[in-house]
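Remarks on the structure that follows.
What follows is calculated from the coordinates using simple rules that are stated; it is not laboratory data. What you are looking at is a predicted structure, and each value in this text was computed from that prediction instead of being measured. With ideal geometry, Cβ positions are generated from the backbone for all residues, glycine too; neighbour counts draw on all protein chains shown.
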Amino acid sequence: MDLSFSFNTQTLLVQLQCHLPSSDMSVQGTIIEVDVSDLGLVTQSGKVVWGKYAQVTNHPDRDGCINAIMLV
């Protein structure tokens, strides 16, 4: 099943730096938490989902932006 959607969201927090743990730079493979409150996602109990994890798939220092895949 392919869910190909694009969203522009804000990064809330860098969760895991697999390559440079002491650095604050995001690199390919970094796990980030993004703000998904504007997407209207709710839990089964009806609470709004504020943040979801995503994994960076590009090199932000070269591209000037972060591309990431949402983790389910």
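Name the long-range amide H neighbours of ASN67: under 5 Å, sequence gap of 5 or more, or other chain; modelled H, no Pro or chain starts.
Placed amide hydrogens put THR57, ASN58 under 5 Å from ASN67.
Listing SER26, SER45 from the residue with the fewest other Cβ atoms within 10 Å to the one with the most, what is the order? Show your work: numbers first, answer last.
Details: SER26 20, SER45 5.
So the ranking, lowest neighbour count to highest, is SER45, SER26.
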